[in-house]
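Worksheet: one structure, shown below.
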Amino acid sequence: MAAPVPVRIPVAWRHSSRALGGMKQSFPDIVCEQCKKMLARADVEHATHVPPPESLLAAGAVAVPNFGWFCSQECAALYERANGRRIFDRNAAGEVQYYPKP
Ligand SMILES: [Zn+2]
C-alpha cells in the first residue's frame, strides 16, 4: 500500500468567485462580467446552474471560455470598449460567440 496522500482543500473552494483564469474554481453563480447582473444561481449540490447555461445561451447571453459570462452582446462590446481592444472571437455575424446557440 502506498503512503496515504494528505487531503488538500483547494483554495478555490473558499467562496471567492472572482478568481481569474477559469482554473479549477468554486462553483460560483453566473454573473455578467460587465453589468454584474446575476444570470443564474449556482446549484452546488447538483453541480448545475438555475437556469441552466443552455437556457442562458438561448436567451442571448454570451459565454467566454476561461473568462466568464455576459448577459448580452451589448455588455460584451462594452467590456471590450472599456479595455480599448478586441478581446473576443466573433462569428460571421459579428457577434461574440464561442458556443453555438442551443
Ligand atoms: Zn450585462
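Report the residue count in region 37-92 for those that are polar (S, T, N, Q) and within 12 Å of the chain's Cα centre (by Cα). Before the answer, list the steps.
So the first thing to find is which residues in region 37-92 are polar (S, T, N, Q), and the list is 48, 55, 66, 72-73, 83, 91.
Checking the rest, the ones that are also within 12 Å of the chain's Cα centre (by Cα) come to 66.
Of the residues in region 37-92, 1 are polar (S, T, N, Q) and within 12 Å of the chain's Cα centre (by Cα).
Would you mind finding the one in E54, E80, E45, E74 that is more than 14 Å from the ligand (Cβ to nearest atom) and without any contact (Cβ under 8 Å) to a residue 40 or more places away in the chain?
After applying the criteria, what remains is E45.
Among the residues of region 61-92, count how many are more than 25 Å from P51 (Cβ to Cβ) and of a type in the set (D, E).
Matching residues across region 61-92 total 1.
Report yes if E95 is in contact with a helix residue (DSSP H, G or I) (Cβ under 9 Å, 6 or more places away or on another chain) and more than 14 Å from the ligand (Cβ to nearest atom), otherwise no.
Considered against the rule, which asks whether it is in contact with a helix residue (DSSP H, G or I) (Cβ under 9 Å, 6 or more places away or on another chain) and more than 14 Å from the ligand (Cβ to nearest atom), E95 comes out as yes.
Search region 26-41 for residues being in a loop (DSSP other than H, G, I, E, B) and within 11 Å of the ligand (Cβ to nearest atom), and hand back the single one that is nearest to A77 (Cα to Cα).
Within region 26-41, the subset in a loop (DSSP other than H, G, I, E, B) is 26-29, 33-37.
Now drop any that are not within 11 Å of the ligand (Cβ to nearest atom), which leaves 33-37.
Working: E33: 11, Q34: 9, C35: 12, K36: 15, K37: 16 Å.
Per the stated criteria, the residue is Q34.
Residue check, A2 against (1) in a helix (DSSP H, G or I); (2) modelled with pLDDT under 95, all met but one. Which one?
(1)
Name the residue, out of E54, E33, that is at pLDDT 95 or above, within 17 Å of V96 (Cα to Cα) and of a type in the set (D, E).
Just a single option satisfies the conditions, and that option is E33.
For every residue, the table says whether it meets (1) surrounded by 15 or more Cβ atoms within 10 Å (Cβ to Cβ); (2) of a type in the set (A, V, I, L, M); (3) in a helix (DSSP H, G or I).
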| position | (1), (2), (3) |
| --- | --- |
| E45 | no, no, yes |
| L56 | yes, yes, yes |
| G60 | no, no, no |
| A63 | yes, yes, no |
| N66 | no, no, no |
| E74 | no, no, yes |
| E80 | yes, no, yes |
| F88 | yes, no, no |
| A93 | no, yes, no |
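The values are calculated or read from the model by the stated rules, or taken from the named source; none is laboratory data. A quick note: this is a predicted structure, and the numbers were derived from the prediction, not measured. Ideal geometry is used to build each Cβ from the backbone, glycine not excepted, and the neighbour counts take in all protein chains shown.
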